[in-house]
Each structure stands twice: as C-alpha cells, then as structure tokens.
Amino acid sequence: MAKAKRRSRLILTTLAVVLVVGALAAAFWPRPLMVDMGAVTRGTLRLTIDEEGRTRVRDAYIVSTPVAGQLQRVSVQPGDPVIRGETIVALMRPINPAALDVRNREQAIAAVDAAQAALRVARADLNAALANRDLSETELTRTEQLVERGISSGAALDRARQSARVAQANVDTAEAAISMREAEIANAQAQLIGFDDPGLATAVGGGSNDIPLFAPADGRILRVIQQSETTLPSGAPIMEIGNIESDLEVVVDLLSTDAVQVSVGDPVIITDWGGTTDLAGEVIRVDPFGITQFSALGVEEQRVNAVIAFSNLSDHYTGLGHGFRVETRIIVWQAEDTLIVPASALFRNRDAWAVFVVADGIAALRPIEIGPNNGIQAQVTGGLSEGERVILYPSSGLSEGMRVAARVIN
C-alpha cells in the first residue's frame, strides 16, 4: 500500500515538473518578429514636383477709361460674351465742371459783364469806322470828278484813294473785334457752367454725348472692376476681358530649388481641378527671376513662376475659368519598365544603401544600388530581383538572421 502511494506521488511530481518545464520553454522559446513586408516590382517610376497652381487667361485685356470723365453704370456681367470692336461694354460722359464757390462765381459774372461792355465798345468802333468809310468813299468820288474836269491834281486823287482803303481796313478791324468780343462773352459765360446748371450749358451750346467703349478682344467678361456710376480719372481700370476657351493656362509658384530641375517641355499631370479625370499639360516657360514670398509659417522663400499649357482640348476641361485652383505634378524624370522597391524599406548601412530581404522567414541584410527616389518608390539598379520580398520600416532591433513574419492587420 505504501509502495503504491510512493509510485503515485512520483508520477504526479514528474507530471508537474514536465508541465512547468513545458510552460517555461513555451514562454522563452524565440518567436518570429512581426514586420511589414513589401515586394520588389517592375513598372513605371516617375520623379515629380507637386505644387498648387492657378489658372489664368494668357492674354487678358484691361478696359480702362480713355479720358477723365463720368462712367455710366456698367450693365455687362462676368461671363457675358463680347466681340472685338462691336460689343459696347461701357459708356462714359465728359467730366462734370467743378462747383463754383461764391467768389469764383462773382468773378465769372464780372468777367461776363466786362466782355459784354467790350462788345458794345467794339460795336461803337464799328459804327465810327463805317461813318469814316462812307465819308472817305464820298470824298474819293468827288475828287475823281474834279480830276476829270482838271480842277484837282492827281496827288489829291491818290490821297483820297488811300483814305478810302484805310477807312475800309478800319471797318474790317472793327468787325473782327466784334467777333473776338463775342467769343470772350461765350468763354466768360462758360465759366459759369456748373454740374448743377445744365440749362446754362445748353444755352451756350454745351452737350453731354456718351462716349462708347468697345471690347478690345473676342472672349468673355472675366470680372467687372468698377460697376457703379462714378467719376474716374484717365486710365482707371473698368473691367477685364479674356478668352477662357482657347487662351487658358496654369501658373505654378515653384521653390527656386525645384525650379532649377524643371525644363521647358516637361510633361505635367493636372489633378484635383474638379473633373473626373486628370488633365495633361506641358511646361512652356520658367521665369528667369525669383520673387521673395513668406509661407504660412512666416518662412522666407524664393518662388519662381512656371507656366503650363494644356495639352487637352478645351472640351475636356469645361468649367475651368480664370483664377481657378488646381494641383500639378511636373514630371522631371521618368523610367518605363524599371525595377522598383518601396522607399520605406531603404536605410543606410555604412556608406551604401541596404534592405532586409525575407527568405524562408529569415531576414537577410543585402546592400543594393538605387537610382532616383521620389520618396515613395526608388529605382533599383543592382542587388535585387523582381518578386523578392523586403521588410518595410525596419526597426533598430532587427538584425540579420532573425526570424520574421508578416504582420496581419485586422
């Protein structure tokens, strides 16, 4: 009986030891490291410069006032079509005269009175000149008769003729003086014309004919700068006209460090413009000068304008107008059918690039050679083959020869 108890106790002790040893072995047995994995693929790799842009009409026309005057209320609206030289986009009137204060008005009235008095003097001079002319003509006729009878000499006849011509000249001078005085009266009366005195302006022959302003180009009204009736100086802008159907382009402000990588002719992908498909474009100009700007964080930046022309027909981007926001991706480098590795798998090992390649669940360190890197993918020029799996985001605890397993994301 005692022997049977000892055998049972031994069996239970052995089982307990086995269970403890098994639990400890399971707890401390090396497990594979959970990692994210990616594959080496073959495809098209692009190196792009992504930046926000704005659409604009290449040749926009600003309609401005040709002379100082009163702009009538503008009736055209943005989007209205216009035809060059035919569509009247605005009307102007000559500028109103300035209001006269009491002193200037009294001076103008005195000038009118003086001009009228001078006219009366000129008319009196004309009457005197006419009387002298009549007398000179009578004396000339009498002298001619006396010369024919031999009573008077030829010298007397010459003096009579001279007197007649002088008298006629005095008449002509007096008539010219009357015309001059009448003009002086009109000028003095014009000084009395005020913006609140249209009756006097009509009395002296003034007018207020509208001056039409015609569209300088075919297209549409882009924006109306001044719509209300107002008085404007010469050269003041009124509205902007452009052709959004055939003259639309995109302007992108690039960092100067990015602009040096962009060349005329580089293809562009235009996205997030509001349509269902991306648009194609091409760089047609990179400005040779930079502009100092400040970012939203107050950082000083040198920006350079790059101009992009649409490669699509205007029917493909119907709805885009002047000043619309778009996203652009300028392709500065591109390779077709090339070997590609995720950029998140790359890290520096001494003086070379390296990745961890997974084979049979074991991580193997492998140095590689890469080409251009766009931050998401990189071109592989040596060290990897298509289809190999690499570890993404390798941690500092990962080393060569460790067992790894792909992390499962639920």
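The values are calculated or read from the model by the stated rules, or taken from the named source; none is laboratory data. Quick caveat: nothing in here was measured; it's all calculated off a predicted structure. All Cβ positions, glycine included, derive from the backbone under ideal geometry; neighbour counts span all protein chains shown.
Tallying residues that are touching a Gly at 6+ places or on another chain (Cβ under 8 Å) and closer than 12 Å to PHE214 by Cβ within region 57-91 yields 2. Scanning region 368-386 for residues that are within 11 Å of VAL357 (Cα to Cα) and loosely packed, with under 11 Cβ neighbours inside 10 Å returns a single hit, SER385.
Hey, among the residues in region 302-326 that are in contact (Cβ under 8 Å) with a residue 60 or more places away in the chain and over 19 Å from the mean Cα position of the chain (by Cα), which one's surrounded by the most Cβ atoms within 10 Å (Cβ to Cβ)?
Among residues in region 302-326 that are in contact (Cβ under 8 Å) with a residue 60 or more places away in the chain and over 19 Å from the mean Cα position of the chain (by Cα), the one surrounded by the most Cβ atoms within 10 Å (Cβ to Cβ) is TYR317.
Taken together, the residues in region 271-287 that are among the polar types (S, T, N, Q) and assigned to a strand (DSSP E or B) amount to 1. Evaluating ASN312 against the criteria (1) closer than 17 Å to VAL283 by Cα; (2) of a type outside the set (Val, Ile, Thr); (3) assigned to a strand (DSSP E or B) leaves one unmet condition, (3).
Restricting to region 292-318, name every residue that is among the aliphatic types (A, V, I, L, M) and closer than 25 Å to ASP266 by Cβ. Full working, then the answer.
Keep residues of region 292-318 that are among the aliphatic types (A, V, I, L, M), which gives 296-297, 299, 304, 306-309, 313.
VAL304, ALA306, VAL307, ILE308, ALA309, LEU313 - these are the residues of region 292-318 that are among the aliphatic types (A, V, I, L, M) and closer than 25 Å to ASP266 by Cβ.
Among residues of region 223-234 that are more than 8 Å from LEU71 (Cβ to Cβ), those with a Cβ under 9 angstrom from a residue that is part of a strand (DSSP E or B) and among the charged types (D, E, K, R), sequence gap 6+ or separate chain, pair up as ARG223/GLU240; VAL224/GLU240; ILE225/GLU240.
Just checking: which of the strands (runs of 3 or more DSSP E) contained wholly in region 206-245 hold 3 or more residues that are surrounded by 15 or more Cβ atoms within 10 Å (Cβ to Cβ) and out of contact with any helix residue (DSSP H, G or I) (no Cβ under 6 Å at 6 or more places or on another chain)?
Once the strands (runs of 3 or more DSSP E) in region 206-245 are filtered for at least 3 residues that are surrounded by 15 or more Cβ atoms within 10 Å (Cβ to Cβ) and out of contact with any helix residue (DSSP H, G or I) (no Cβ under 6 Å at 6 or more places or on another chain), what remains is 219-224, 237-242.
Considering every residue within region 339-346, establish whether at least one is of a type outside the set (Val, Ile, Thr) and exposed (fewer than 11 other Cβ atoms within 10 Å of the Cβ). Let's see the steps before the verdict.
Pass one, region 339-346, residues of a type outside the set (Val, Ile, Thr): 339, 342-346.
Next, only the ones that are exposed (fewer than 11 other Cβ atoms within 10 Å of the Cβ) stay: none.
Checking region 339-346: not a single residue is of a type outside the set (Val, Ile, Thr) and exposed (fewer than 11 other Cβ atoms within 10 Å of the Cβ).
Pick out the one residue from ILE83, ILE95, ILE88 that is at negative phi and either surrounded by 15 or more Cβ atoms within 10 Å (Cβ to Cβ) or of a type in the set (D, E, K, R) (or both). Spell out the reasoning first.
Values: ILE83 fails: either surrounded by 15 or more Cβ atoms within 10 Å (Cβ to Cβ) or of a type in the set (D, E, K, R) (or both); ILE88 fails: either surrounded by 15 or more Cβ atoms within 10 Å (Cβ to Cβ) or of a type in the set (D, E, K, R) (or both).
After ruling out the rest, the residue left standing is ILE95.
Checking GLU86, GLU106 one by one, the residue that is over 24 Å from the mean Cα position of the chain (by Cα), of a type in the set (Asp, Glu) and assigned by TED's automatic domain parsing to the domain that holds GLN227 is GLU86 and no other. For region 366-410, which positions are outside any strand (DSSP E or B) and either closer than 20 Å to THR44 by Cβ or touching a Leu at 6+ places or on another chain (Cβ under 7 Å) (or both)? ASN374, GLY375, ILE376, LEU384, SER385, GLU386, GLY387, GLU388, LEU398, GLU400, MET402 - these are the residues of region 366-410 that are outside any strand (DSSP E or B) and either closer than 20 Å to THR44 by Cβ or touching a Leu at 6+ places or on another chain (Cβ under 7 Å) (or both).
The conditions of being hydrophobic (A, V, I, L, M, F, W, C), in a loop (DSSP other than H, G, I, E, B) and more than 18 Å from VAL57 (Cβ to Cβ) are not met by VAL268.
Of all residues in region 351-389, those satisfying the criterion of being closer than 21 Å to ARG31 by Cβ and touching a Phe, Trp or Tyr at 6+ places or on another chain (Cβ under 8 Å) are ALA363, ALA364, LEU365.
Selection within region 113-127: residues that are within 9 Å of GLU184 (Cβ to Cβ) and either under 58 Å from the mean Cα position of the chain (by Cα) or not assigned by TED's automatic domain parsing to the domain that holds ILE178 (or both). The member of this set that is surrounded by the fewest Cβ atoms within 10 Å (Cβ to Cβ) is ALA114.
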